[in-house]
1. One residue is enough: does the stretch B:81-98 have a residue meeting the conditions at the interface with chain A (Cβ under 10 Å from one of its Cβ atoms) and either modelled with pLDDT of 85 or more or within 8 Å of ligand 1 (Cβ to nearest atom) (or both)?
2. Please go through the stretch B:64-78 and pick out each residue that is away from ligand 2 (no atom under 13 Å from the Cβ) and either β-branched (Val, Ile, Thr) or over 21 Å from the mean Cα position of the chain (by Cα) (or both).
3. Any residue in the stretch A:175-195 that's away from chain C (no Cβ under 11 Å): show its pairings with residues that are aliphatic (A, V, I, L, M) and not in a helix (DSSP H, G or I) at Cβ separation under 9 Å, as long as the two are six or more apart or on different chains.
4. Restricting attention to the stretch B:112-143, and to residues there that are within 14 Å of A:Ala69 (Cβ to Cβ) and among the polar types (S, T, N, Q), which single residue is most open to solvent (accessible area, probe 1.4 Å)?
5. Specify which of the listed residues (B:Leu26, B:Leu109, B:Leu16, B:Leu4) is open to solvent by 80 Å² or more (accessible area, probe 1.4 Å), away from ligand 1 (no atom under 16 Å from the Cβ), at pLDDT 85 or above and not acidic (Asp, Glu).
6. Can you go through A:Gly130, A:Gly167 and tell me which one is buried (at least 24 other Cβ atoms within 10 Å of the Cβ) and within 14 Å of chain C (Cβ to nearest Cβ)?
7. How many residues, within the stretch A:122-159, are within 22 Å of B:Gly114 (Cβ to Cβ) and assigned to a loop (DSSP other than H, G, I, E, B)?
8. Quick one: B:Gly25 ticks every box in (1) at the interface with chain A (Cβ under 10 Å from one of its Cβ atoms); (2) assigned to a loop (DSSP other than H, G, I, E, B) except a single one, so which number is it?
Amino acid sequence: MTIQTKLPEFKTDEMVINLGPQHPATHGVLRLILTLDGEVVKHTEPVLGHLHRAQEWQGQNRTWFQYQALIDRVDYLSGMFTSWALSRAAEVIDGTEVPRRAEFLRVLCAELNRISSHLLWLGTYLIDLGALYGFPFYPFIEREKILTFFEEISGQRMMYNYIRIGGVQRDPKAEWFKKVEEFTKDFPKRVDEWEAIVTENPIFLNRTKGIGVLTKEVAQAYGVTGPTLRASGIDFDLRRFKPYSVYPELKFDVPVYNKDGDTWDRYMARIQEMRQSIEIIKQVLDMIPEGEIMSKKQNAGLRIKAGEGFAAVESPRGILGCYITSNGSDKPYRFRWRNPSFSNLSVLPPLLEERPISDIMAIFGSLDIILPDVDR
Amino acid sequence: MFNLIGSAINGVKHALGGLYQVKRGLETVAMHTWREPTTEAYPDKAPELPPHFRGRLALTVNPETGENLCISCRQCERVCPDKCIEITANKSTETNKLELIDFKIDHGLCMFCGLCTEVCPTYCIINTNDFEMADYTRSSLIYDLKKLTLTQEESAYYFAAKEMPLPKPKPAKPAAPAAGAAAAKPAAEAKPTATVSPKPAPESAKAPETTADKPAKEVEKKESPSTDTPSVN
Amino acid sequence: MKIDGTVVRGDHFSGNIAEIRKFAVMSLSWLTVIFVAVWGVCWALGIFIPMCLANSSFDFAAILSEVCKALTPIAAVLVFIPINAMFMVLMERRALALFTRRNGPNRVGPDGALQTAADAVKLLLKEDITPTGADALMFTLAPIIFFAPSIFGALPLLAAVTNNHKLFQIVDLPTGIFYVLAASSVPVVGIVMGGWASNNKYSLMGGLRSAAQAISYEIPLVLSLVTICLLAGTLDVVSIAYQQSGGLLNWNILGGGALIGLNKAIAALVSSSGAPFAEVMNAYYPYGWLSFVGAAVLCMCTVILFGVYLIGACAEINRIPFDLPEAESELVSGYNTEYSGIKFAIFFLAEFTNLFIVSTIAVVMFLGSGDCPLPTWLNPLSYPAVYEPLAKALSPVLSVLINDLHLINPPTFWAALWVIFKTYSLIFFAILVRGTLPRFRIDQLMDFGWKRLIPITLVIFVLVAFARGVINFHV
Ligand code: SF4
Ligand code: SF4
């Protein structure tokens, strides 16, 4: 008989767990195959494509006029930007001069849309962090107001089809501008309130400070853009870096955080962006000139000259680019979208390495990914 | 020792700061109690929709004469990305003009992009403010000419609200052939028009939309749509 | 980055009076229904039936009435729990709606007052699914094990919250609080069982998290209550409740009795009869300034203990910000992911009942149980002062109810009112917390429990043990 001196060896195994595609917190249909050791993530594999709708192929099979209406669905939280990217690319090929009033209206709507997109992110991010019942409603109340504005000018709350090749679709009434102005006055106070609830909350700080640190190098290597990149300390904003539309005439700050960005920085970057957008909107409301809003006839036979063009806009999630080849017919010849969410998502596996499972949502949420934008 | 005391003091400071922030948050949330709810009492109170809202599609009639505005040019049919419009028309031998026989829109396919309304030369097809189209079968979402056509009042309302130029009066022409053609179709399959008319339409709120082929005077405003259908044809 | 240090207050107090009124009316009517029902059952079982049986001549009458009396506390709890849980869910939903500028449920019944009743019916009618590969026996037992302790654990509190009514004295154990704590640590077994038996990885993780969490937070929770028992010198909840009678200064949250001397002295000063102020002070605080320092330390300690208790209790019952076992965004729904129908309803019921019970414990142990917060010397409305003339005025009606039928017991009534008020205030606070705070991370939760709360409570325990020596309690 031998005396056992050692403890019996425990056989521990890694557990593979499927997060999604049906999961309450993956913001759509992302599937993450996680390899867990206890509660610590060892390996992550995002599985994409559950929402693939062949947006590029559809574009090649529709006329310009028809595709304009479809493109809002690529990033349904910021449809203005997808329309804008498409329109700019087409205008680059066509050499269309966009009327000044239309440019201002585009900036106005785009910045409103940026706010609404960030608001949705703010609400859902707090849900990801577990504040499920109270706070998330507040951003949504404000977002609702913006959606009402859009509904008034474009007819729908999310699929606007407002920014068109050559201009914008409809000239808003004077009352509409008044309402927007009231909103810009009220909104900063609301942001103060949310910051009072969230920003310095010790639990929130614990959940976000130092979590999901995205270094400059990694961010650049993966092609991360948008607030996520700027939170990592790289001052890269298309509105500044390669100004388009009337942005050169507007004064605004681009919030950049001068270090490696963690989750809290990304939160702060978006909060500050909302404040800046409000500033932009105020200026636009002051500066907007009278005049034409459309320089190209919008009808079923809308044609773009033959040629190639690329244009990008700074969407709430990063750089949204659109590359088009046109052969002069009423259908585009080739389409290619450069979607910010796709590259922002690809940075997720390195961020999740060796993090506990509770951090998955804190990190994933902070990247502000929208799945139709990833899968197109 | 000093280290320990220092860290203890720091800890207390930290804890108090955290508590203060939590208190601030709680207070801000509690203060929201005093603000009015933003909930829309939807089924009780219809939402106020802007005139350009892209809701259910419909065909307007001339608000003055009540005649159908569609000239069967098929622009809308061609532009529709979802191919959900189906127009039946034939060339009348007498006038050498297209006569609209039937107009079908499959609202189950439609994505309410509004492109068809943009290309229509006569402002005939429009997006109404109606969005309550829920139904039990897919086939009942296919609206035919009868269900699509608005009354004169409704048309007048939309022409005013959307600021569309009023149609020029055409040479007076009875709407009889179109009506007769529509009646010839098995229109009975369409279920009684239980759709809700556009909210802001003033008096015609209760009037069903199946009445375009007749002058609107004849149409009595009835409470129950189901009793109304037989009276049309 | 601009964050001003002040609380950002709402800038348009345009008034939400209508909604608040609805909320108040709903709460009051539900509370009336709950407590009338509970008391009705208790009275019928514990007083009325024995009264009827007293005159009868058949053999088992005496035994039967004893059995009835013995069953009364259990009947009270059994009637109370489901109705109360329904009300609490409704209250939570309405209150959260108030905080988030919504209407809340307002369809079923007047202003939505019956919404949760309808929900309960719906849950009971739902299909009861046992997932493939689940351990069916454990799966079924889990909700029961989770729920049962909340029934039996609550019993000793009954006497404490009803001013020691004679119906409930039967469950008044000398080691009451010990029993309550012991019972309240059982539910975690149910959660682990449920998590294990569900054959679901998310459930398993939820169950294990819950075990870890409950074990770590039980320690500060128990230590804080033990410290109060140390101050009170007893484990009996009824005596602890009685010790605190006589106004805010006597409550355990303010020094656990360290201010009783002050209270008495001021009372002497005010009434200007009996012993003079200094004499009373000397009797209670014999060591001069040292005693005062002791009293101050005790006050501070007990306030912190109350906070620790609230945190520990929150964690113990898995409420936000400690709701990790059912962390929706991570673990889908944690241990009850696979539960549906009546089993889910039981989990749900037990969760809310646990919230009620921990609030009641807080009220009994810290907030003076059924005691009016105003000190007696300041309170013209204290129980006898109001009751005597009122009783005289209403004597023809009331004397029948009070003396003959024992339907109304004024001291119990009075105490119960205060307990109800205090308990539901605490619950309301818990709802407010739920509407504000995000959730901890599991390792931070553990850190917070083991590295912060437990040392704090231990230090306080020692401090209290010393400070207690320089003050005379309960002379
Ligand atoms: S709204 Fe768009 S999808 Fe619907 S019928 Fe008109 S063009 Fe077709
Ligand atoms: S575009 Fe207008 S006029 Fe032409 S067929 Fe369509 S509805 Fe009729």
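The values are calculated or read from the model by the stated rules, or taken from the named source; none is laboratory data. All figures in this text were calculated on a predicted structure; none of them were measured in a lab. Here the Cβ is made from the backbone with ideal geometry for all residues, glycine too, and neighbour counts use every protein chain on show. Accessible surface areas use protein heavy atoms only, side chains included; no ligands, DNA or RNA. Shrake-Rupley method; radii C 1.70, N 1.55, O 1.52, S 1.80 Å.
1. So far as the stretch B:81-98 goes, yes, one or more of its residues are at the interface with chain A (Cβ under 10 Å from one of its Cβ atoms) and either modelled with pLDDT of 85 or more or within 8 Å of ligand 1 (Cβ to nearest atom) (or both).
2. B:Glu64, B:Thr65
3. As it stands, the answer is A:Phe177/A:Ile288, since those pairs meet every condition given.
4. My answer is B:Thr117.
5. Numbers: B:Leu26 fails: open to solvent by 80 Å² or more (accessible area, probe 1.4 Å); B:Leu109 fails: away from ligand 1 (no atom under 16 Å from the Cβ); B:Leu4 fails: at pLDDT 85 or above.
Only one candidate qualifies: B:Leu16.
6. Values: A:Gly167 fails: within 14 Å of chain C (Cβ to nearest Cβ).
Criteria check complete, one pass: A:Gly130.
7. The total comes to 5.
8. Unmet for B:Gly25, out of (1) at the interface with chain A (Cβ under 10 Å from one of its Cβ atoms); (2) assigned to a loop (DSSP other than H, G, I, E, B): (2).
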